[in-house]
Structure formats: C-alpha cells, structure tokens
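See below for the structure under consideration.
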Amino acid sequence: MKIISWNVNGIRAVYKKGQFERILEEKPDILCLQETKALPEQLDEKLRTPDDYHSWFHFPSIKKGYSGVAIYSKEEPIKVTNDLGIEEMDQEGRLIVAHYKDFSLINTYFPNGGGSPERLHYKLEFYDHFLKFIDKLHEKQPNIIFCGDVNVAHREIDLARPKENETHVGFLPIERAWMDKLIAHGWIDVFRHFNPDKKDAYTYWDMKTFARERNVGWRIDYFFASPEMLKSIKSVEILDNILGSDHCPIQITLK
C-alpha cells in the first residue's frame with residue numbers, strides 16, 4: 001500500500017497546473033492533501049470524486065480560501081472523523097482521521113504560527129491538543145500513522161540554514177521542544193528512522209527567492225508512526241520531482 005501526503009497550497013491551483021493528475025499517476029492507495037484552500041462547491045467534479053477513489057474533505061467554517069485538508073482513498077475506511085474536540089481549532093479545517101481495518105491514518109495541517117504572537121500561541125496550543133488526541137487514540141488503536149505539514153523543522157539537519165533561522169517561526173526552540181516531546185511519547189519520524197543522517201532532504205522551499213532551484217529548503221512535512229505501526233512500513237520517499245506547490249509530496253509504502 002502506498003500513502004502520499006502533500007501540502008498543495010491550493011488544490012484548485014495544483015489542478016489547473018495539471019499536477020493533481022500528475023500525483024495520481026503515482027497510483028497512491030491513499031492521498032492526503034493539506035492547505036486545499038477551497039470549499040466543496042468550488043471544486044471541479046474531478047477533484048471531488050476522481051475515478052477509483054473515495055474522498056473526504058474538512059473545510060474551514062469561518063474563513064474562505066484558507067487551510068483545509070482532504071483524503072482520497074481507494075479503499076473505503078470503516079469510519080472517517082474530523083474532530084480534534086476543540087471547537088476553536090476544528091473550525092479551521094485542519095484534521096481528518098480515516099480508520100481502516102488494520103490501522104488509523106490522521107491527515108493534519110498544523111498552524112503556521114507566523115504573523116503575530118497570538119498565532120504562535122494558537123499553534124503551540126494546537127500542538128498540545130493534538131498530542132493528547134493521538135496519545136488517547138493510541139490507547140485504543142496501536143497502529144497509527146499521522147502525516148501532514150507540521151510547520152516545524154525539528155533539527156538543524158532539517159533545514160538548509162539553521163543558524164539564520166534560529167529566531168524564525170518554524171525553527172524556534174519552543175516549537176522544536178514540542179517535537180522532542182512528541183518523539184519522547186514514542187512517535188517515530190519515519191523519514192529520520194530510515195535516513196538518520198541524510199542531509200539536503202527538504203519538502204518546502206520559499207518561492208519568492210527561487211529557493212527550490214538552489215535547494216535552500218526546510219523539511220516540515222512528515223510521516224509519523226506509532227511503534228507498533230513502524231514494522232509495517234517498508235520505505236519512505238520525498239518526491240521532490242513533483243512540482244506545483246511550494247511543498248513537494250512525501251510517500252510511504254507499507255509492506
């Protein structure tokens with residue numbers, strides 16, 4: 001089974017560029033998208049229900065053209081939910097959980113945290129609630145994968161210019177400390193598990209400075225797995241040859 005996660009930075013923009021069809025050419029069994037930035041009535045039928053896929057969306061209820069996540073799945077899950085359980089956060093359309101027979105998959109778009117101290121505080125609150133949410137789920141379901149744009153580079157190896165970004169949102173000590181806490185709770189960064197020392201492996205590049213051409217990037221998109229689920233994961237890849245967004249897709253293959 002192949003699972004792909006991608007922050008598309010606008011699903012309609014990616015579709016117009018032909019890159020939605022391009023990602024389907026990779027034949028994912030499950031495709032998780034973040035930052036879809038659209039409401040259901042704004043989507044072409046090929047985006048709502050592509051051939052051979054079931055689809056689910058979580059759209060923000062308070063702001064158009066913002067946030068949003070989607071899951072496309074060849075196999076229909078047993079159950080799909082989109083509630084973190086915190087109204088203030090659920091109304092931003094940041095989470096979908098698909099429960100399958102053998103595992104649960106969480107697709108999440110974490111807040112950016114930039115722009116104001118209030119948004120950074122909101123981001124840190126989201127982190128804390130999310131960790132409680134997945135820990136509680138893990139008590140019932142041992143096999144869990146969560147993926148998405150976490151909006152943090154965890155270690156210096158995870159961005160091209162760590163020293164210059166020590167005081168920037170996305171690499172702040174307080175954000176990185178939460179990542180340490182996440183891992184201390186037993187959640188495993190799948191890419192780093194398979195590639196502990198790999199450098200220059202990024203998933204996001206600033207478009208204004210043409211950073212992708214120079215590979216001046218950040219690894220802020222992740223697959224995390226519970227310890228029980230890790231044994232079912234065969235490989236992980238960064239699909240940096242696929243364009244259309246300021247992020248590239250990431251992929252895991254299950255045994």
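Overview of results
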read-out	value
Hey, GLU92 surrounded by 13 or more Cβ atoms within 10 Å (Cβ to Cβ), touching a Gly at 6+ places or on another chain (Cβ under 7 Å) and closer than 19 Å to ASN9 by Cα or not	no
Qualifying residue in the stretch 174-190 (condition: β-branched (Val, Ile, Thr) and surrounded by 16 or more Cβ atoms within 10 Å (Cβ to Cβ))	yes
Single unsatisfied condition, GLN42 versus (1) closer than 23 Å to TYR204 by Cα; (2) of a type outside the set (D, E, K, R); (3) surrounded by fewer than 17 Cβ atoms within 10 Å (Cβ to Cβ)	(1)
Strands (runs of 3 or more DSSP E) within the stretch 136-255 that include 2 or more residues touching a Leu at 6+ places or on another chain (Cβ under 9 Å) and not hydroxyl-bearing (Ser, Thr, Tyr)	144-149, 233-238, 250-254
Residue in the stretch 54-67 that is modelled with the highest pLDDT, counting only those that are of a type outside the set (S, T, N, Q) and touching a helix residue (DSSP H, G or I) at 6+ places or on another chain (Cβ under 8 Å)	PHE57
LYS46 free of Cβ contacts under 8 Å to residues at least 40 places away in the same chain and either in contact with a strand residue (DSSP E or B) (Cβ under 8 Å, 6 or more places away or on another chain) or part of a loop (DSSP other than H, G, I, E, B) (or both)	no
Evaluation of ILE11 against (1) out of contact with any helix residue (DSSP H, G or I) (no Cβ under 8 Å at 6 or more places or on another chain); (2) of a type outside the set (S, T, N, Q); (3) within 16 Å of LEU243 (Cα to Cα) (one fails), failing number	(1)
Top-ranked residue in the stretch 206-255 [being on the phi > 0 side of the Ramachandran plot and surrounded by fewer than 21 Cβ atoms within 10 Å (Cβ to Cβ); ranked as modelled with the highest pLDDT]	ASN215
ILE71 of a type in the set (Val, Ile, Thr), over 18 Å from the mean Cα position of the chain (by Cα) and at pLDDT 95 or above	no
LEU84, sole failed condition from (1) crowded, with 22+ Cβ neighbours inside 10 Å; (2) in a loop (DSSP other than H, G, I, E, B); (3) of a type in the set (A, V, I, L, M, F, W, C)	(1)
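The values are calculated or read from the model by the stated rules, or taken from the named source; none is laboratory data. Just so we're clear, the structure is a prediction, and the values are computed from it rather than from any experiment. Glycine gets a Cβ as well: all are built from the backbone with ideal geometry, and neighbour counts include every protein chain shown.
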